[in-house]
Amino acid sequence: MPLCYYRQHLQKKRERQVFAAPPEEMGLSSSSITKDPPATPSWFTPERLLILFCVINMINYVDRGVIASNGVNGSIRTCDDKGICTSGSGIQGEFDLTNFQDGLLSSAFMVGLLVASPIFASLTKSHHPFRLIGVGLSVWTLAAAGCGGAFSFWFIAICRMLVGVGEASFISLAAPFIDDSAPVSQKTAWLAMFYMCIPTGIAVGYVYGGFVGSQFNWRYAFWGEALLMLPFAVFGFAFEPLQLKDSEASKLHDNILVGADSMSVDELKKTSKSVNIHNMLNQFSQFAEDMKALLVDKVYAVNIFGYIAYNFVIGAYSYWGPKAGYNIYHMENADMMFGGITIVCGILGTLSGGFILDRLSASIYKAFILLSGATCLGAIFCFLAFCLRSLYGFIVFFALGEFFVFATQAPVNYVSLHCVKPSLRPLSMAISTVSIHIFGDVPSSPLIGVLQDNINNWRASALILTSILFLAAGIWFIGVSLHSDDASNDRSESQVCTVTVDNGTPLLYGNGDESSYEA
């Protein structure tokens with residue numbers, strides 16, 4: 001007997017023992033044994049799902065721009081040689097923070113993000129991913145409102161951590177949903193549209209935070225964010241949830257429903273409880289196995305190491321950029337200037353990276369070539385920009401540098417999604433998020449703050465920071481020489497032998513893009 005048929009036989013035997021009596025005793029027809037997947041709610045077309053996730057991602061990164069904007073972040077109290085002092089402004093002035101403490105605020109939300117991301121990724125195997133997103137966005141909304149009502153440095157720091165907890169549920173799960181629903185020939189382009197919201201959101205946050213902080217008060221900027229996110233938090237609970245492709249929670253749910261018609265409510269509750277206990281006992285061992293599979297994957301490791309070095313620079317740019325520009329080139333509207341450059345170049349660069357990789361027939365090998373080349377060009381232009389004395393020369397070269405730097409957003413996440421099996425994608429994205437933050441932008445903002453406190457030269461600090469982009473380009477170039485098969489279509493973990501027919505339709509149309517029949 002072939003192995004797949006043997007596994008199928010054992011699986012059916014376990015289902016009869018645990019979930020229901022044999023079909024003949026239940027009076028079920030043979031057609032009821034194989035249950036068709038539930039129809040996808042008509043509202044969830046792929047395009048609408050992409051727009052929904054893009055808007056949520058935009059609000060997430062608007063928050064990053066707000067906390068970094070001069071209008072909200074403010075400035076510290078200063079005194080001149082004559083003893084004449086000027087009061088500080090914004091968060092830094094109100095709580096009298098040093099540059100190091102100020103840098104910690106930008107990184108505080110990462111603590112919650114790092115802790116919660118693997119947890120949410122693991123819970124996708126036993127809970128609806130869409131419901132997990134709803135829980136996370138609810139936490140995010142409450143935490144953002146708490147930032148606006150902060151009365152001390154430690155209170156706002158804790159609220160920033162909770163913002164990270166809320167964001168963790170979304171960051172780990174949104175990319176796999178988009179990869180499932182996108183047309184095959186446009187997967188990288190769709191990811192580019194999603195990750196385009198990173199530079200755009202940060203830039204909008206600069207402008208929004210600067211305007212609200214100068215016209216009203218920095219606290220109103222956070223309250224406005226909370227109001228914007230509230231409808232999406234409710235949305236996560238109000239609509240019928242979707243399931244990820246190859247979701248363990250979905251498989252378990254379908255198995256329970258097979259014999260549900262013949263079971264009493266009490267029996268069904270007891271059965272569900274026993275299954276949940278069994279899942280909890282196996283959860284830690286399964287998580288360890290999944291982590292081992294990721295860590296021994298050379299392609300995944302090289303991609304993440306390059307992403308860490310890259311994110312170290314981008315994180316510090318996003319936080320200290322307006323302040324460095326103000327001090328080096330005496331920009332009167334540094335928030336507006338950096339915001340405008342980041343919006344235009346971030347959108348064009350991110351979309352270009354995704355569309356170019358799709359036109360090249362996307363593969364992991366080609367993604368690494370694009371990653372190393374674009375990052376190297378971006379590093380050259382950004383480095384030259386900070387060497388120039390002219391403001392206009394800086395704007396031109398820095399804009400070109402940002403264009404190439406942001407072209408990496410879609411390819412790097414394409415590699416993270418396609419170098420692992422489908423069941424590992426949420427954990428892959430979670431560990432990627434954890435790694436790039438805990439080793440990247442979490443330490444970069446306070447470290448650059450310490451560097452600036454010691455050398456007191458923003459131009460030198462910016463050049464030292466920018467040089468790290470060359471390291472990122474070198475690491476990604478190593479990935480070009482690695483053997484890199486696309487594992488995203490691996491079905492070897494399936495316990496049922498199936499014949500799969502791909503009709504080319506995205507996942508969310510009808511009942512999905514695949515029709516499976518028992519062999």
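The values are calculated or read from the model by the stated rules, or taken from the named source; none is laboratory data. Only a predicted model underlies this, so the values are computations on that prediction, with no experimental measurement involved. Here the Cβ positions follow ideal geometry from the backbone for every residue, glycine too, while neighbour counts run over all protein chains shown. The area values use the complete protein model at the heavy-atom level, side chains included, leaving out ligands, DNA and RNA. Shrake-Rupley method; radii C 1.70, N 1.55, O 1.52, S 1.80 Å.
Answer with yes or no whether residue 401 is surrounded by fewer than 19 Cβ atoms within 10 Å (Cβ to Cβ), more than 19 Å from the chain's Cα centre (by Cα) and not polar (S, T, N, Q). Spell out the reasoning first.
On the way: surrounded by fewer than 19 Cβ atoms within 10 Å (Cβ to Cβ): no; more than 19 Å from the chain's Cα centre (by Cα): yes; not polar (S, T, N, Q): yes.
No: the conditions fail for residue 401.
For the stretch 342-363, check the following and say yes or no: at least one residue is within 18 Å of residue 461 (Cα to Cα) and either modelled with pLDDT under 85 or in contact with a Ser or Thr (Cβ under 8 Å, 6 or more places away or on another chain) (or both).
At the first step, the residues of the stretch 342-363 found to be within 18 Å of residue 461 (Cα to Cα) are none.
No; the residues of the stretch 342-363 include none that is within 18 Å of residue 461 (Cα to Cα) and either modelled with pLDDT under 85 or in contact with a Ser or Thr (Cβ under 8 Å, 6 or more places away or on another chain) (or both).
Only one of these conditions is not met by residue 462: (1) at pLDDT below 85; (2) out of contact with any Ser or Thr (no Cβ under 6 Å at 6 or more places or on another chain); (3) among the hydrophobic types (A, V, I, L, M, F, W, C). Which number is it?
With (1) at pLDDT below 85; (2) out of contact with any Ser or Thr (no Cβ under 6 Å at 6 or more places or on another chain); (3) among the hydrophobic types (A, V, I, L, M, F, W, C) applied to residue 462, the lone miss is (1).
Report, by residue number, each residue of the stretch 392-416 that is farther than 18 Å from residue 316 by Cα and either touching a His at 6+ places or on another chain (Cβ under 8 Å) or hydroxyl-bearing (Ser, Thr, Tyr) (or both).
Across the stretch 392-416, the qualifying residues are 392, 414, 416.
Quick check: anything in the stretch 332-341 open to solvent by less than 40 Å² (accessible area, probe 1.4 Å) and either without any contact (Cβ under 8 Å) to a residue 60 or more places away in the chain or under 18 Å from the mean Cα position of the chain (by Cα) (or both)? Please lay out each step first, then the result.
At the first step, the residues of the stretch 332-341 found to be open to solvent by less than 40 Å² (accessible area, probe 1.4 Å) are 334-335, 338-341.
Now narrow it down to the ones that are either without any contact (Cβ under 8 Å) to a residue 60 or more places away in the chain or under 18 Å from the mean Cα position of the chain (by Cα) (or both): none.
Checked the stretch 332-341: no residue is open to solvent by less than 40 Å² (accessible area, probe 1.4 Å) and either without any contact (Cβ under 8 Å) to a residue 60 or more places away in the chain or under 18 Å from the mean Cα position of the chain (by Cα) (or both).
Name every residue in the stretch 410-437 that is open to solvent by 20 Å² or more (accessible area, probe 1.4 Å) and over 19 Å from residue 122 (Cα atoms), in order of residue number.
Matches in the stretch 410-437: none.
So which residues in the stretch 378-393 are open to solvent by 60 Å² or more (accessible area, probe 1.4 Å), closer than 10 Å to residue 329 by Cβ and in a helix (DSSP H, G or I), if there are any at all?
Result: 392, single match.
Take the stretch 404-443 and flag every residue that is over 17 Å from the mean Cα position of the chain (by Cα) and of a type in the set (Phe, Trp, Tyr).
Result: 404, single match.
Examine the stretch 117-126 for a residue that is surrounded by fewer than 20 Cβ atoms within 10 Å (Cβ to Cβ), in contact (Cβ under 8 Å) with a residue 24 or more places away in the chain and under 15 Å from the mean Cα position of the chain (by Cα), and state whether such a residue exists.
Yes, the stretch 117-126 has at least one match.
Can you name the number of the only condition in (1) open to solvent by less than 30 Å² (accessible area, probe 1.4 Å); (2) outside any helix (DSSP H, G or I) that residue 361 fails?
(1)
Kindly evaluate residue 95 against the criterion of being at pLDDT 75 or above, within 28 Å of the chain's Cα centre (by Cα) and open to solvent by 20 Å² or more (accessible area, probe 1.4 Å).
Numbers: at pLDDT 75 or above: yes; within 28 Å of the chain's Cα centre (by Cα): no; open to solvent by 20 Å² or more (accessible area, probe 1.4 Å): yes.
So residue 95 fails the test.
Which one is modelled with the lowest pLDDT, of the residues in the stretch 398-424 that are part of a helix (DSSP H, G or I) and more than 20 Å from residue 311 (Cα to Cα)?
Within the stretch 398-424, the first condition is being part of a helix (DSSP H, G or I), and the residues that meet it are 398-406, 409-418, 422-424.
From what's left, more than 20 Å from residue 311 (Cα to Cα): 418, 422-424.
Values: 418: 83, 422: 77, 423: 74, 424: 78.
Looking at residues that are part of a helix (DSSP H, G or I) and more than 20 Å from residue 311 (Cα to Cα), I get 423.
Looking at residue 375, is it more than 18 Å from the chain's Cα centre (by Cα), under 14 Å from residue 313 (Cα atoms), surrounded by 19 or more Cβ atoms within 10 Å (Cβ to Cβ) and β-branched (Val, Ile, Thr)?
Numbers: more than 18 Å from the chain's Cα centre (by Cα): yes; under 14 Å from residue 313 (Cα atoms): yes; surrounded by 19 or more Cβ atoms within 10 Å (Cβ to Cβ): yes; β-branched (Val, Ile, Thr): yes.
Here the answer is yes, as residue 375 does meet what is asked.
Out of the stretch 130-143, which residues are buried (at least 24 other Cβ atoms within 10 Å of the Cβ) and more than 16 Å from the chain's Cα centre (by Cα)?
The answer is 143, and nothing else.
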